[in-house]
């Protein structure tokens, strides 16, 4: 568990070979590697790499385009109040409120790159 309270166990973080590669990779490539493991949300990625969530969104938009042949999976945001899923939402950011019950308690979308 890291200092943020999130339990992110990534084998790529601890591998000695990957630590050597770490210095050569761009931030975007590091984020892409992290997404090959588990589903992560904006906050988890932001805290993992020490950057703002808005910056993560910019990187995710580019990553989504560059891995289209492998597949970019999005676990959609959902309302914690009524359970509504934002399946048709094209934007990667977390919605402000639920269109059904108007609640602002929204679980963020989670992202992953398919390993195909």
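Values quoted throughout were computed directly from the atomic coordinates according to the rules given, and no laboratory measurement underlies them. Quantities reported herein were computed from a predicted structural model and do not represent experimental measurements. Quick reminder, even Gly has a Cβ in these numbers, built from the backbone with ideal geometry, and neighbours come from all protein chains shown.
Numbers below:
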{"item": "Percentage relative contact order, the stretch 14-113, counting C-alpha pairs under 8 Å, at least six apart", "result": "31 percent"}
{"item": "Length released on extending from residue 102 to residue 57, taking residue separation times 0.36 nm less the Cα-Cα span", "result": "13.8 nm"}
{"item": "Full-extension gain in nm, residue 115 to residue 93, via 0.36 nm per residue minus C-alpha separation", "result": "5.6 nm"}
{"item": "The stretch 14-113, Cα convex hull volume normalised per residue, Å³", "result": "106 Å³"}
{"item": "Computed P(r) (all Cα pairs; the stretch 63-116; 10 Å bins; percent)", "result": "26, 45, 21, 8"}
{"item": "Coordinate range along principal axes, alpha carbons of the stretch 27-80, Å, largest first", "result": "32, 26, 19"}
{"item": "Backbone N under 15 Å from the residue 82 label point (7 Å along Cα→Cβ), restricted to the stretch 94-116", "result": "96-107"}
{"item": "Cβ crowding within 10 Å averaged over residues, with 40-47, 56-63, 87-94, 70-77 ranked highest first", "result": "40-47, 56-63, 70-77, 87-94"}
